[in-house]
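First up is the structure itself, then whatever we jot down about it.
The values are calculated or read from the model by the stated rules, or taken from the named source; none is laboratory data. Being a predicted model, the structure only gives us computed values, none of them experimental. When we count neighbours, we look across all protein chains shown, and the Cβ atoms used for this are built from the backbone with ideal geometry, even at glycine.
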Amino acid sequence: MIDKKRNEKIITLVDKYTAFEGFKFIFRSNDVCSVCNYYNICNKLEEGRVYEVVGIIKTKNKIFCKATNEYMQPVEVKLSSIVTSIRGGIPFDTDVIVHWHSIDCGYKECKFRNICFPTGLKDGDKIKIKEIIGRVHCPLNYNLLEINAELV
């Protein structure tokens, strides 16, 4: 778990080809990472969370990553906003903070599955609703809202 506030910028490394503002990635560590000289830089990220590059840090030093076999670029990242669904039986407004829980649904072929089970969210996460996108037309008739949210 990250012990910083969730909306703070974090300095980390990404490969030079993906080091541009707006690039989103899921952080996955590697066994090679724990013995790397740059482990303390990358280790600030939380496994399985989605991050977005929000700034590039210029440096003349070349940083080689043994895990990816690529040259790396220092960047500033923050946790990315995530599109998901929440039960919509009660009215919600933006900037409301709720605990997110996945829907109890076994319909694996649903076209909304990526919204109801988004990468980067875990049951019990506190999220802030940033935008209400609209109703989800759930084939199992769950009353769901599609929202854009951020972890808090």
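In table form, for the structure just shown:
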| read-out | value |
| --- | --- |
| Complete set of residues in region 133-152 that are surrounded by fewer than 19 Cβ atoms within 10 Å (Cβ to Cβ), over 24 Å from Ile26 (Cα atoms) and not aromatic (Phe, Trp, Tyr) | Gly134, Arg135, His137, Cys138, Pro139, Leu140, Asn141, Asn143 |
| Residue tally, condition without any contact (Cβ under 8 Å) to a residue 40 or more places away in the chain and small (Gly, Ala, Ser), over region 98-152 | 4 |
| Given (1) more than 30 Å from Thr18 (Cβ to Cβ); (2) in a loop (DSSP other than H, G, I, E, B), number of the condition Leu145 does not satisfy | (2) |
| All strands (runs of 3 or more DSSP E) inside region 55-114 with 1 or more residues being among the small types (Gly, Ala, Ser) | 82-87 |
| Top-ranked residue of region 64-107 - restricted to ones that are in contact with a helix residue (DSSP H, G or I) (Cβ under 8 Å, 6 or more places away or on another chain) and at pLDDT 85 or above, ranked as nearest to Leu144 (Cα to Cα) | Ser85 |
| In region 25-38, the residues that are modelled with pLDDT of 85 or more and either loosely packed, with under 14 Cβ neighbours inside 10 Å or more than 23 Å from Gly55 (Cα to Cα) (or both) | Ile26, Arg28 |
| Neighbours by Cβ (under 7 Å, 6+ apart or cross-chain): first from region 8-35, farther than 22 Å from Lys62 by Cβ; second assigned to a loop (DSSP other than H, G, I, E, B) and of a type in the set (S, T, N, Q) | Lys24/Ser80; Ile26/Thr119 |
| Residue selected from region 104-115 under the condition under 19 Å from the mean Cα position of the chain (by Cα) and surrounded by 15 or more Cβ atoms within 10 Å (Cβ to Cβ), by the criterion farthest from Pro139 (Cα to Cα) | Ile115 |
| Test for Tyr51: is it part of a strand (DSSP E or B) and at pLDDT 95 or above | yes |
